[in-house]
Amino acid sequence: MQETISEQTLWLLAVRDQRDRQAFARLFDHFAPRVKAMLMRGGLRDGTAEDVVQDVMLAVWRKADQFDPHRAPASAWIYRIARNRQIDLVRRRPAPLPELLDEAPDTEPDAEQILALEQETTRLKAALLALNPEQTRTIEQAFLEELTHTEISQQTGLPLGTIKSRIRLGLDRLRKELADLKPE
Amino acid sequence: MTVISHHIAEKLIAAHVAGQLPHVFSVVVAAHISVCDECRARAEAAEVLGGALMDSVGPVSLSSGALGRALAALDDEVPEPAPITRSGIFPAPVMQAMGGKPPAWRMLGGGVRQQILAADGEGSLRLLYIPPGMAVPEHGHRGLELTMVLQGSFSDSEGRFAAGDVEVAGGELDHQPIAGPEGPCICLAATDAPLRFHALLPRLLQPLFRI
Ligand SMILES: [Zn+2]
């Protein structure tokens, strides 16, 4: 089991807190090719996908102050930005976004909580790896590729602490759902 | 923040995060998440799954110079449009659907008012204003319907729905919501175009969420 906070999350924190360009370059090297893969699976051509990757990664730089490692690993936060951008493009209107939750600016990072979320993410990845190819394919299709059907064919109350623990609960449930899918 | 007792099913939240919900339903989900920490946590958990999947796909190389382009653009001034924010009882995603303007009601009779915010091939989105004690008008609909209360309350065979609550109704539910006596009930209702959503969602998400 992972013992320390992932380097991706540390890079994103360095971007957020120090506006660290080298850390941004590392994030770009890691995530830009993955975002591009997702966009191309979603039907964008190579050149367009590259332009959208630029938009997404620049949004990562500009919106880094919204990143909260207690609530999302870097991959989840970047996934959200990329998926919403993809929705904007496919539907030709902005994806509806919930209001942001503002954390008190003086909140101290809680390394233990960040690590616990990342460990839960690692377990979720392990559960994904245990699926059969067809199940993996279906889930990837839903989360990475096809947006709502016809568009694609046309185109071609609680305190924050509680939210954070609820996210892990939700992950635990998702992991169990995935585990239940596993053939005996 | 009021206590919310009727939430949105996890599978719908996951479908929203994955971009699988028609726009009009996503407006309701985003509005509910704006006031419901419970469902926000569910959405963020689904994003972790999305991120894990994105992290595991085979990467596709970028053209040479892509990183240089990005680095060179970091300091560019980008004029950001002023974000649309909550106004009174209307959460930000609803204000966005309203074009940032206050409601422009059309009288339907019996004191009931409505404003259609979106109506197209993928469904419709409307605001409804129901005087106290009046029945919510039936719109002869057989598909999926998400109704979020923004002010006041309504009650039907499924229970009482107050501000922040969402009722998820399928075609089989023959409900007749009545606005509560405490004051006018204002709600946001999304309905799908017939035969659209149901045919689509199970195929994509059934294995994961066992609809
Ligand atoms: Zn909820």
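Taking a ≥ b ≥ c as the square roots of the eigenvalues of the Cα gyration tensor, segment A:29-141 is classed as oblate, since a/c reaches at least 1.5 and a/b does not exceed b/c. Centre-to-centre separation between the Cα atoms of segment A:77-93 and those of segment A:2-69: 14 Å. Between chain A and chain B, the total buried accessible area stands at approximately 6500 Å², from heavy atoms with a 1.4 Å probe.
Highest-first packing order for the peptide set B:75-87, B:143-155 is B:143-155, B:75-87, based on the mean count of other beta carbon atoms within 10 Å. Per residue, the solvent-accessible area of segment B:1-153 (1.4 Å probe, heavy atoms of protein chains only, all protein chains present) comes to 40 Å².
Peptides B:51-60, B:19-28 ranked from most to least packed, by the mean per-residue count of other Cβ atoms within 10 Å: B:19-28, B:51-60.
Surface composition of segment A:22-149: carbon plus sulfur atoms hold 49% of the accessible area, using a 1.4 angstrom probe and ignoring ligands, DNA and RNA.
Per residue, segment A:51-127 exposes 42 Å² of accessible surface when a 1.4 Å probe is rolled over the protein heavy atoms with every protein chain present. Peptide B:94-107 has a mean of 1 when you count, residue by residue, the C-beta atoms of other protein chains within 10 Å of its C-beta. What the phi angles of segment B:67-80 give under the Karplus curve with 6.51, -1.76 and 1.60, with θ = phi - 60°, is a coupling list of 5, x, 4, 5, 4, 5, 8, 4, 8, 4, 7, 10, x, 9 Hz, glycine and proline written as x. Tell me whether segment B:52-102 comes out rounded, prolate or oblate; compute the Cα gyration tensor, take square roots of the eigenvalues as a ≥ b ≥ c, and use a/c under 1.5 as the rounded threshold. Note, shape of segment B:52-102 comes out oblate. Residue by residue along A:56-62, Cβ atoms of other protein chains within 10 Å of the local Cβ number 4 on average. The largest accessible area among B:Glu158, A:Glu108 belongs to the first residue in A:Glu108, B:Glu158, and the rest follow in falling order (1.4 Å probe, all chains). For the peptides B:34-40, A:25-31, A:40-46, A:77-83, residues were scored by their other Cβ atoms within 10 Å and the scores averaged per peptide; the highest-first order is A:77-83, B:34-40, A:25-31, A:40-46.
The values are calculated or read from the model by the stated rules, or taken from the named source; none is laboratory data. Nothing here was measured: the structure is a model prediction, and the numbers come from that model. Cβ: placed from backbone, ideal geometry, glycine included. Neighbour counts: every protein chain shown. Please note that ligands, DNA and RNA were not included when accessible areas were found on the heavy atoms of the full protein model with its side chains. Shrake-Rupley method; radii C 1.70, N 1.55, O 1.52, S 1.80 Å.
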